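Values quoted throughout were computed directly from the atomic coordinates according to the rules given, and no laboratory measurement underlies them. What you see is a predicted model, and the numbers here were worked out from it, not measured in a lab. As a convention, Cβ positions derive from the backbone with ideal geometry for all residues, glycine included, and neighbour counts pool all protein chains shown.
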Amino acid sequence: MLNAKIPAGPLNTKWEDYKGHCKLVNPANKRSLEVIVIGTGLAGASAAASLGELGYKVKAFCFQDSPRRAHSIAAQGGINAAKNYQNDGDSVYRLFYDTVKGGDYRAREANVHRLAEVSGNIIDQCVAQGVPFAREYGGLLSNRSFGGTQVQRTFYAAGQTGQQLLLGAYSALERQVALGNVKMYSRHEMLDIVKIDGKARGIIARDLITGELERHFGHAVLICSGGYGNVFFLSTNAMGSNVTAAWKATKNGAYFANPCFTQIHPTCIPVSGDHQSKLTLMSESLRNDGRIWVPKKQNDTRKASEIPEDERDYYLERRYPAFGNLVPRDVASRAAKERCDAGYGVGTSKQAVFLDFAAAIERYGNIEAGKRQLSNLSKAEIIKLGKEVVAEKYGNLFDMYAKITGENPYEQPMRIYPAVHYTMGGLWVDYELQTTVPGLYSLGEANFSDHGANRLGASALMQGLADGYFVIPYTLGNYLADEIRTKAIPTDHPAFVEAENKVKETISKLMGIKGTKSVDHFHKKLGKIMWDKCGMARNEQGLKEAIEEIKALRAEFWKDVRVPGAEKEFNPELEKAGRVADFLELGELMCIDALQRRESCGGHFREESQTPDGEAQRDDANFSYVAAWEYKGPGQFELHKEELKFEEVIPSQRSYK
Amino acid sequence: MEHYNMNLTLKVWKQQNKNAQGGFETYSVKDISSEMSFLEMFDVLNEQLINEGKEPIAFDHDCREGICGMCSMHINGRAHGPWAGTTTCQLHMRAFKDGDTITVEPWRAGAFPVLKDLTVDRTAFDRIIEAGGYVSVNTGNAQDANCLPVDKHKADLAFAAAACIGCGACVAACKNSSAMLFVSAKVSQLALLPQGDPERQTRALNMVAQMDKEGFGSCTNTGACEAECPKEISLTNIARLNREFIGAGFSSEK
């Protein structure tokens, strides 16, 4: 049984207690301890900056041309914090409870409670850095609602919250670079972990401009490389988002937890053709004001404006009156799929539902008219005022929608459909965010720890920054305190040589295949298998087929992929090939994990396990555990379980009705 | 919106590496859907090149939703192409018609050397931020966020400046390759907020000094940067930077 090292004592004092008793490293010793951080999104940048401030010698790596490009930048809607600035009944406990419930009781209570505890500090820290959150006229911070909650605890900066938070963390990081505490390696990709005497002691990285391999020593290595949603090829992730760093960690002994827990986000712009390279999210915040509906008649081809009110089915409001359009993502996604599968979908593909702002525009127009004490306005004038308010709240999202689809969402409802967005699974970590390899840590989306089987909106940013700013500075010290006598290990150590040779071999193998099909060809095929058989709904037969299909595809990849160009140069195709090779292994593990979890929970919907009205049916007696997989060789994984004990929240059938 | 397909001729800058001599190469692509994004059209071209056994074109891109700032193509003489307020990745092919010839170049600026084909080195921007584009506050020092009320108007202006994605289109659009719009966006964001106040003077002086050191040109108030900026960062930020810089020059004690 895995030991999560959860501190003893009552839930609400565990973290205080831990901080009061963990080991410390004195400032002089910190200067000789080196830490490697992989990835510079919210988790990586905040960790690198905070550790640099503490005085550790930090090396940070990202594959993009600048740390500011990490995909956290694309997060739109907001960041949760239990500030209770709205006086609407929020508290640390509520945020904790909502997150555990939202995750369908598959998250670790102690981690989630800590997350809720530090959530307020994050907002304070970001404001201090100059992050321009939305404000009210009195100068105080503004909040809005997100799915799965009944309070307003989401802080935001228009539809660009991730951008503003990341630029805050990035500026803190660049400040440490300027001070010489952090050395930044952009356009570098980590291709292996170096282990010495069982501990993580460094990495092998490829300089993406020159193609040269480099060896880097560290007393500890932090994997902050984000999620693996791109295994589906089409997702809302950036094109470069990948699992490679986390997967190399897995192959070096770090367990990979709950890989089948993937989040399909309900509000994305639908696929428009075979050429599609990625999907674009329309923030969940839009569900604050947008109403989701489909025609009551099957195969209705009328325009939205021609369908009268009483012929519209606002199916979320109908099925879930308590939460309405703000049900959690997994619930909203499945409901959209159900309607479309039943023949009520809209648009040319019929794989879409409407997200309609007409009512909100009118409501805001009336409020605005009231504020300005304007009476006797025509409906057109009210709508004009309403559009201005909506533009201020969601302008960038509406513009993006218009650019992509060529349609004006102020005039006609958006068409949306679920798409792969986030991965709750990731490297297994204990309470200290340490993987099963000593000295190897994982933060942010790359780990599995806080969201269970479904993440609530506006919680990813919270977790990334919590891990980086407020957790790792304490827990890493607790490990490094015992490493102060370890001198920097020279990189001509045999373990470095061996790891580098292994990387070289893989690269030569990829370059040497000289097959006939592009990397994208294989990636798209893998994505289709995953989406069809390990997507929004899964069943035993489909998963078994998928495993065989992925094995066959992987074999074909290694026989027939064509990687053009040379090894020792800037070669984006070679980068992609390495990442897709890893996705081809991970995809299989996701299906294996989905197959063993014969229950539905959160984003994992096994068709065999549903309630009479089609909701996810958990099986707590048999599956109340974290599934952590140990890599045992190609296609071979051993399951280790971490039992989930609920002391505060009693698991129940999740209801948003 | 009506969909249509088109055949296009592309003249694309090819350059093996930083030190090599570059030049245009001509390609043709067929049956491009008007629904595709500009980069998806490049995906089609690259797939075609790989299948023909040729080398694909290297270009920077990542989020493909207009926010990471990585994509950077100079299209028909304009940074990010013909649409206003749009990054290359959000430019869609309905901006073009059947039979068009499209010229695609990398950003052209001495401070942004070409790495390969359409990919340039923009690390100069990171170094400018290092020179002062931050508030010096360590983690854990913050007071409660609402202890610091900020005038909504100023907060909105700061946000509008902070929306800069650091793509470098302003530099590419400028005849002098000036980075003033980029620098002024960061200086403005922090000058408008009380958090940025203590370091206001040194920030303006140091960021401008670094900008000059990186070899960016001077600003002659032409306004091409604002016209081509995909986030429509306002030229008034440059005016504010000038005030900050001059004010700091007069009153700084250093």
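Can you give me the angle between helix A:109-129 and the longest principal axis of chain A, using Cα atoms only, in degrees from 0 to 90, rounded to the nearest 10?
80 degrees
Return the subset of A:Lys524/A:Lys641; A:Lys502/B:Lys14; A:Lys199/A:Lys251 for which the Cα-Cα distance in this structure is over 25 Å, preserving the input order.
Over 25 Å apart, Cα to Cα: A:Lys524/A:Lys641; A:Lys502/B:Lys14.
Whole-Hz ³J(HN,Hα) for each residue in region A:43-48, computed from phi via Karplus 6.51 cos²θ - 1.76 cosθ + 1.60 with θ = phi - 60°, x for glycine and proline: what do you get?
Couplings: 5, x, 5, 5, 5, 4 Hz.
Specify the residue with the greatest mean-square fluctuation among B:Leu181, B:Leu49, B:Leu205, computed from a Gaussian network of chain B linking alpha-carbon atoms under 10 Å apart.
Comparing B:Leu181, B:Leu49, B:Leu205 in a Gaussian network model of chain B, the most mobile one is B:Leu49.
Could you give the alpha-carbon Rg of region B:119-173 over 2.2 N^0.38 Å, rounded to two decimals?
My calculation over the Cα atoms of region B:119-173 gives 1.52.
For A:Glu505, put the label point 7 Å out on the Cα→Cβ axis and report which residues of region A:578-596 keep their amide N under 13 Å from it.
Once the point is set 7 Å along Cα→Cβ of A:Glu505, nothing inside region A:578-596 turns out to lie under 13 Å by backbone N.
Given an 8 Å cut-off on Cα distances and at least 6 residues of separation, report the relative contact order of chain B as a percent.
Over chain B, the number comes to 19 percent.
Mind checking the angle between helix A:161-178 and chain A's longest principal axis? C-alpha axes, 0 to 90 degrees, to the nearest 10.
30 degrees
How much space per residue, in cubic angstrom, does the convex hull of the C-alpha atoms of region A:267-418 take up?
120 Å³
Against the longest principal axis of chain B, how steep is helix B:38-51, in degrees 0 to 90 to the nearest 10, with axes from Cα atoms?
50 degrees
Using only C-alpha positions, report the orientation-averaged shadow area of the convex hull of region A:329-369, nm², one decimal.
3.9 nm²
What is the distance, in nm, between label points placed 7 Å from the Cα along the Cα-to-Cβ direction at A:Asp17 and at A:Ala380?
Rounded to a tenth, the inter-label distance reads 6.8 nm.
Do you know the relative contact order of chain A, to the nearest whole percent, from alpha carbon pairs under 8 angstrom that are 6+ apart?
Once divided by the residue count of chain A, the mean separation gives 21 percent.
Going by average Cβ density within 10 Å per residue, which order do the peptides B:67-76, A:489-498 take, highest to lowest?
Output ranking for B:67-76, A:489-498: B:67-76, A:489-498.
What fraction, in whole percent, of alpha-carbon pairs in region A:160-214 exceed 18 Å separation?
Counting every Cα pair in region A:160-214, those more than 18 Å apart make up 56 percent.
For region A:187-272, what is the convex hull volume of its Cα atoms per residue in Å³?
118 Å³
Would you mind getting me the FRET efficiency between B:Ser251 and A:Gln541? Use the beta-carbon distance for r and R0 = 60 Å, nearest 0.05.
For R0 = 60 Å, the calculated efficiency reads 0.20.
Where does each of A:Thr348, A:Thr210 land when they are ranked from fewest to most other beta-carbon atoms within 10 angstrom?
Lowest to highest Cβ neighbour count: A:Thr348, A:Thr210.
Give me the one-decimal Kirkwood hydrodynamic radius in Å for region B:5-116, with the sum taken over alpha-carbon pairs.
One over the average 1/r among Cα pairs gives 14.4 Å for region B:5-116.
What is the calculated FRET efficiency for B:Thr101 to B:Asn17, with r their C-beta to C-beta distance and R₀ = 30 Å, to the nearest 0.05?
Once the sixth-power term is evaluated, E becomes 0.65.
Per 10 Å bin, what percent of the C-alpha pairs of chain A does each bin hold, from zero upward?
Result returned by the calculation: 3, 16, 27, 27, 17, 7, 2, 0, 0.
Between A:Arg598 and B:Lys213, what is the spin-label point distance in nm, taking each point 7 Å from the Cα along the Cα→C-beta axis?
6.6 nm
Please report the relative contact order for region A:494-620, taking Cα pairs under 8 Å with a sequence separation of at least 6, and give it as a percent rounded to a whole number.
Result for region A:494-620 is 30 percent.
With the alpha-carbon atoms as the only input, what is the per residue convex hull volume for region A:480-521 in Å³?
Taking only Cα atoms, region A:480-521 has a hull volume of 100 Å³ per residue.
Show me the three semi-axes of the equivalent ellipsoid for region A:128-179, from the C-alpha gyration tensor (sqrt of 5 times each eigenvalue), largest first, rounded to whole Å.
Three semi-axes, in Å: 26, 13, 8.
Can you list the HN-Hα couplings for region B:140-153, worked out from phi with the Karplus curve (6.51, -1.76, 1.60; θ = phi - 60°), rounded to whole Hz and with x for Gly and Pro?
x, 9, 7, 7, 4, 4, 7, 6, 10, x, 10, 3, 4, 4
Say R0 is 25 Å: what FRET efficiency, to the nearest 0.05, do A:Asn26 and A:Ile196 get from their beta-carbon distance?
Computed FRET efficiency for A:Asn26 and A:Ile196 comes out at 0.50.
How big, in percent, is the set of alpha carbon pairs in region A:494-620 lying more than 16 Å apart?
Counting pairs separated by more than 16 Å, the tail of P(r) holds 66 percent.
Need the C-alpha centroid separation for region A:543-610 versus region B:148-175, integer Å.
The two parts, judged by their Cα centres, are 40 Å apart.
Within 10 Å of each Cβ in A:559-572, how many Cβ atoms from other chains are there, averaged over the peptide?
Rounded to a whole number, the mean comes out at 3.
Along the Cα→Cβ direction, 7 angstrom out, place labels at A:Thr486 and B:Tyr4. What is the inter-label distance in nm?
About 6.5 nm, to one decimal.
Taking the inverse of the average 1/r across all pairs of different Cα atoms in region B:123-251, what Kirkwood radius in Å do you get?
Taking the inverse mean of 1/r over all distinct Cα pairs, region B:123-251 comes out at 14.9 Å.
Residues of A:274-285, mean number of Cβ from any other protein chain within 10 Å of their own Cβ, rounded to a whole number?
Mean number of neighbouring Cβ atoms from other chains: 4.
Take the Cα gyration tensor of region A:305-388, multiply each eigenvalue by 5, square-root it, and list the three semi-axes largest first, rounded to whole angstrom.
Semi-axis lengths for region A:305-388 are 31, 16, 10 Å.
Short version: what are the Cα gyration tensor semi-axes of region A:445-508, square root of 5 times each eigenvalue, largest first, in whole Å?
33, 22, 8
Two decimals is fine: what is log10 I(q)/I(0) at q = 0.13, 0.16, 0.17 Å⁻¹ for chain B, from a Debye sum with one equal scatterer on every Cα and no solvent?
Results for chain B at q = 0.13, 0.16, 0.17 Å⁻¹ read -0.84, -1.13, -1.23.
In peptide A:138-151, what is the residue-averaged number of other protein chain Cβ atoms found within 10 Å of each Cβ?
2
Rounded to the nearest Å, what's the spacing between the alpha carbon centres of region A:211-229 and region B:45-86? Just the number, please.
Each part's Cα centre sits 27 Å from the other's.
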